[in-house]
Each structure stands twice: as structure tokens, then as C-alpha cells.
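Report on the following structure.
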Amino acid sequence: MNSQLRSGFSLPAPGTHRLLIKNMVCPQCIRVVTEDLTALGLQVHRVVLGEADVTTADGQAPDLEPVRTSLQAAGFALLEDPRAQLVEQIKTLLVTLIHYPEPGPRLLTYSDYLVQHLGRDYHYLSHLFSSEEGLTIEKFIIRQKVERAKELIGYGELTIAQVAGQLGYSSPAHLSRQFGQVTGLTPSEFQRL
């Protein structure tokens with residue numbers, strides 16, 4: 001499943017057209033987008049979180065109006081503005097890294113990870129993200145980590161300390177502070193709910 005989720009933002013294969021899609025956050029999103037694009041008569045070569053590579057029968061660029069309409073009906077949005085595309089790539093990389101991590105320790109900081117995968121200066125990425133989203137990359141990361149912590153706590157299989165460790169927190173207290181700032185509850189209070 002991870003290989004299907006991780007895009008790496010490679011170049012599209014020759015002859016294919018890359019569509020960048022907002023609001024793809026899970027494996028089910030990949031299935032829905034694949035089905036919708038196929039129903040429009042497009043040949044789907046690759047779909048990962050945030051993007052799809054397609055071709056048409058005549059080799060021309062796909063007509064974007066029906067694509068846009070179909071994606072919107074399913075709760076997605078076709079991204080055409082380069083700045084919005086880059087912001088969505090940042091979000092997709094971070095969601096994938098936090099919610100669907102590769103096994104083993106993470107060797108890069110979030111900023112280094114983004115720079116490596118996007119080939120852009122982190123200061124530029126940070127400024128663009130803040131101006132487009134109205135919050136910093138760091139706050140977005142915290143929100144995503146808290147959402148993942150809520151999932152893990154909800155499963156009831158891990159202790160709060162194990163959840164903190166899995167999400168890269170230095171201690172359960174650090175997780176508790178950020179969890180409380182975002183939710184208004186401690187992880188233990190959330191677990192009791």
C-alpha cells in the first residue's frame with residue numbers, strides 16, 4: 001500500500017499527462033480517482049496521493065472540464081495554479097510521511113525531507129505554504145501528528161508513550177502538550193472518550 005501512496009513527485013512518463021489533485025488523503029481516494037478518470041474514457045497509468053498520470057485515446061491532452069466536474073463531485077479539486085500545486089505537494093508529502101510512514105527510523109527532518117523531494121529552498125516553501133494556507137508548515141505538521149495520534153489512541157493497541165515514540169515525539173509530555181493545544185484534551189482524556 002505504501003508504494004501506491006508515495007508519489008515522490010517524479011516526472012510523468014513520456015506521452016502521459018499529469019493531473020494534480022487536491023484533497024486526496026487515503027487509499028480510498030486513489031481508488032475513487034482511478035474509477036472516475038477511467039469512467040471518463042482516460043487510460044490511467046498511475047494514481048498516487050495528489051496526482052494521476054493519464055493518456056487519451058488520441059494522445060492529446062485530456063479535456064479538463066469533465067475531469068474537473070467529475071473530481072469535484074467526488075470531493076476533490078483539480079489543481080491548475082502552479083503555486084497551489086506546490087502547496088498540495090507539500091501537504092501530500094507530509095500527510096504520507098506522518099500517516100503512512102516507511103518502517104524504521106526517519107533519517108531526515110521534515111524540512112530536509114521537503115527540500116529533498118521538491119528540490120526547492122525550504123524558506124521559499126515555508127513562505128509559500130504560509131501565504132497560501134494561512135498557517136505554517138510546522139503547525140500543519142503538528143495538526144497531522146495529532147490527527148494520527150488520535151487514530152492510534154483510538155485503536156487502543158498502544159500506550160500513550162508508544163504513540164509518542166511512533167510519531168517522533170521526544171516524550172509523552174511533548175505529545176500531551178501539542179495534543180492539548182490542538183484538541184483541548186489530553187491524550188488520556190481523549191482515550192477515555
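Within the stretch 19-35, the set of residues being surrounded by fewer than 20 Cβ atoms within 10 Å (Cβ to Cβ) and part of a strand (DSSP E or B) comprises K22 only. Total residues in the stretch 80-91 satisfying the condition of being in contact with a strand residue (DSSP E or B) (Cβ under 8 Å, 6 or more places away or on another chain) and either closer than 19 Å to K139 by Cα or buried (at least 21 other Cβ atoms within 10 Å of the Cβ) (or both): the figure is 3.
Quick check, is L175 in contact with a helix residue (DSSP H, G or I) (Cβ under 8 Å, 6 or more places away or on another chain), at pLDDT 95 or above and buried (at least 18 other Cβ atoms within 10 Å of the Cβ)? Criteria met by L175. For the stretch 105-120, does any single residue satisfy the condition of being of a type outside the set (S, T, N, Q), farther than 21 Å from K22 by Cβ, in contact with a helix residue (DSSP H, G or I) (Cβ under 9 Å, 6 or more places away or on another chain) and surrounded by 16 or more Cβ atoms within 10 Å (Cβ to Cβ)? Yes, the stretch 105-120 contains at least one residue that is of a type outside the set (S, T, N, Q), farther than 21 Å from K22 by Cβ, in contact with a helix residue (DSSP H, G or I) (Cβ under 9 Å, 6 or more places away or on another chain) and surrounded by 16 or more Cβ atoms within 10 Å (Cβ to Cβ).
Of T136, T159, all but one fail to be surrounded by fewer than 16 Cβ atoms within 10 Å (Cβ to Cβ) and touching a Ser or Thr at 6+ places or on another chain (Cβ under 8 Å); the exception is T136.
The residues of the stretch 36-64 that are part of a helix (DSSP H, G or I) and over 29 Å from E133 (Cα atoms), listed by number, are T38, A39.
The values are calculated or read from the model by the stated rules, or taken from the named source; none is laboratory data. From a predicted model like this one, the values you see are computed outputs, not experimental measurements. Neighbour counts run over all protein chains shown; Cβ positions are idealised from the backbone, glycine included.
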